[in-house]
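Input: a single structure, listed below in structure tokens.
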Amino acid sequence: MKNKWEIFEGKGSLMAKIIQQIADNVMITDKEGVVLYVNSAFEKTTGYMKDEIIGQNPRILQSGEHGKAYYSRLWSTILTGNIFKAQTINKKRGGSLYTADQTISPIMNEAGEITHFVSVWRDISELVKAEEEMKRLRNQIDLEKRKLEQVLNIEEHLNTIFDLHKLIDFIVNHTTAILEAQKCSVMFIDENSGELCVKGFKGIDPALVADKRLKVGDPIAGMIALEGKPVLVTDIESDKRFLRENRPSYKSKSFISAPIRLGKSFIGVISLADKFTDKGVFTDLDLKILCMIVRQAAVAIENARMYRQLNYLTVTDPITNIHNYRFLVEKLDYEIQRLKRFGGTLCIAMIDIDNFKSYNDDFGHLEGDNLLREIAKLLEQALRKVDIACRYAGDEFVMILPETNSVGAETVARRIMKRMEDLLLKRAVTLSIGIAQYSSPMDRTELILKADTALYTAKKEGKNKICINS
């Protein structure tokens, strides 16, 4: 067809040279949208030569990325004599897409009638990609900042929790929240067996972790314990380290695990699975955050262990491993306050080993200590869970018997004296026991004195006796 814009291609035409050589892409159509002219930049960008595109409709460039509403708005704008501006995703001759910063202007004759449309645009694909990358990086930075703030918030609380069980629950709950995971487990190394034991978990069927133990070296937590390195798995079925079919109890195939270490000492392993964002796949950032949490958790766990050990030592007798006098005082005060508030009964029994000095002198202090341990063990086995056995001093023990009257306390005492006969010792040993029942308004000192008086009576009357100070 005849080129209606041959004036621009006329020999020596300045306008023709300008339009042909400018960097912007130019396309001119008639009122119906039939292409009449494209410049060299258009050919270079789209891959369409003049002979191919002239006479065609611009829809040949459509990418399918814009719906009907977009093109309806375009035509309604330019047909009313207005300029249309937009970023348009179009398609090149080979099928690849590009983003055009486009302006379509209507051309009018002297009568004000639209005769042609001129589209001028620039390929801004690289700019769009750069902006998208910048946006992604900004989002990544914002995400890392937010995660870091959450991790720092954890650190503030970790070192205030000294109960190991509460600490593990805190670690599990906050780690799953920060890393947007549904499942988490914490395993500690058993120093005696060398096995990993589950100490805390979330989102896992309790039946699957009950008495769960893993040998160091067994997949997966065991392998992490053995190698001491954190692991990120995006797909367990294709990961060459595992190549294992995903278990039905897991919704996704991705997980992260990290060893819990303090210096060179290995403490345990923490693992997370079933991320509920990002299509269930954990990222390098997730692993980085987990390692940050683990470093803080390791110190807190060690502090809790030391606190528990220290607390144990302050209320435990070092020879018999039962409660000491300090614990006796605290517990007895507690039980008396409970009685004053709620009522009930309370007895204590004071126990003395008959002829302990003679036993100690004849067989030595090691055997004397062994005798103390055997009696302590016997007391714990003979008592209920609510009862408490304490070493009072030297060869004396005290039993705290809540909700027990003097008759019940005597029954317990006789059971203990009977079991003494079965102990395998260097020679037979007997006990003297004094029992006292609490009555208001006694305090702890008065109750102990009352039991001590009963014990003195038992010793005075020939030992191997039970006396009750009513």
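The values are calculated or read from the model by the stated rules, or taken from the named source; none is laboratory data. Fair warning: this is a prediction, and the values are worked out from it, not measured in the lab. Every residue, glycine as well, gets a Cβ built from its backbone with ideal geometry; the counts of neighbours run over all protein chains shown.
The table below gives the values:
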quantity	calculated
Check on M442, surrounded by 13 or more Cβ atoms within 10 Å (Cβ to Cβ), within 21 Å of K357 (Cα to Cα) and either at pLDDT below 95 or in contact with a helix residue (DSSP H, G or I) (Cβ under 8 Å, 6 or more places away or on another chain) (or both)	no
Unmet requirement for R308, which otherwise passes all of (1) farther than 21 Å from T445 by Cα; (2) out of contact with any helix residue (DSSP H, G or I) (no Cβ under 9 Å at 6 or more places or on another chain)	(2)
Subset of region 272-303 (residues that are assigned to a strand (DSSP E or B) and surrounded by 22 or more Cβ atoms within 10 Å (Cβ to Cβ))	L272, A273, K275
Residue within region 163-178 that is touching a strand residue (DSSP E or B) at 6+ places or on another chain (Cβ under 8 Å), surrounded by 13 or more Cβ atoms within 10 Å (Cβ to Cβ), at pLDDT 90 or above and farther than 21 Å from R308 by Cβ present	yes
Test set (1) in a helix (DSSP H, G or I); (2) crowded, with 22+ Cβ neighbours inside 10 Å - V269 fails condition number	(1)
Scan of region 379-404 for residues that are buried (at least 17 other Cβ atoms within 10 Å of the Cβ) and of a type in the set (S, T, N, Q), ordered by number	T404
First in region 22-39 and over 19 Å from Y98 (Cβ atoms), second anywhere and assigned to a strand (DSSP E or B) and among the acidic types (D, E), Cβ under 9 Å, 6 or more apart	L36/D30
Those strands (runs of 3 or more DSSP E) lying entirely in region 189-265 with at least 3 residues at pLDDT below 80 and either assigned by TED's automatic domain parsing to the domain that holds V294 or out of contact with any Pro (no Cβ under 9 Å at 6 or more places or on another chain) (or both)	213-215
Strands (runs of 3 or more DSSP E) completely within region 380-470 that count 1 or more residues being closer than 23 Å to N324 by Cβ	388-393, 396-402, 431-437
Within region 42-67, considering residues that are more than 14 Å from W121 (Cα to Cα) and basic (K, R), the one surrounded by the fewest Cβ atoms within 10 Å (Cβ to Cβ)	R59
Scope region 259-286; condition in contact with a strand residue (DSSP E or B) (Cβ under 6 Å, 6 or more places away or on another chain) and of a type in the set (G, A, S); matching residues	G268, S271, A273
Single match in I351, I336 (criterion: out of contact with any strand residue (DSSP E or B) (no Cβ under 6 Å at 6 or more places or on another chain), surrounded by 13 or more Cβ atoms within 10 Å (Cβ to Cβ), of a type in the set (A, V, I, L, M) and in the same structural domain as R384 (by TED's automatic domain parsing))	I336
Candidate set: region 25-41, residues that are within 60 Å of the chain's Cα centre (by Cα) and closer than 25 Å to S76 by Cβ; chosen: the one surrounded by the fewest Cβ atoms within 10 Å (Cβ to Cβ)	V26
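Conditions tested, residue by residue: (1) closer than 21 Å to A86 by Cα; (2) part of a loop (DSSP other than H, G, I, E, B); (3) not assigned by TED's automatic domain parsing to the domain that holds I301.
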{"position": "G112", "(1), (2), (3)": "no, yes, yes"}
{"position": "V118", "(1), (2), (3)": "yes, no, yes"}
{"position": "N139", "(1), (2), (3)": "no, no, no"}
{"position": "K147", "(1), (2), (3)": "no, no, no"}
{"position": "E156", "(1), (2), (3)": "no, no, no"}
{"position": "I161", "(1), (2), (3)": "no, yes, no"}
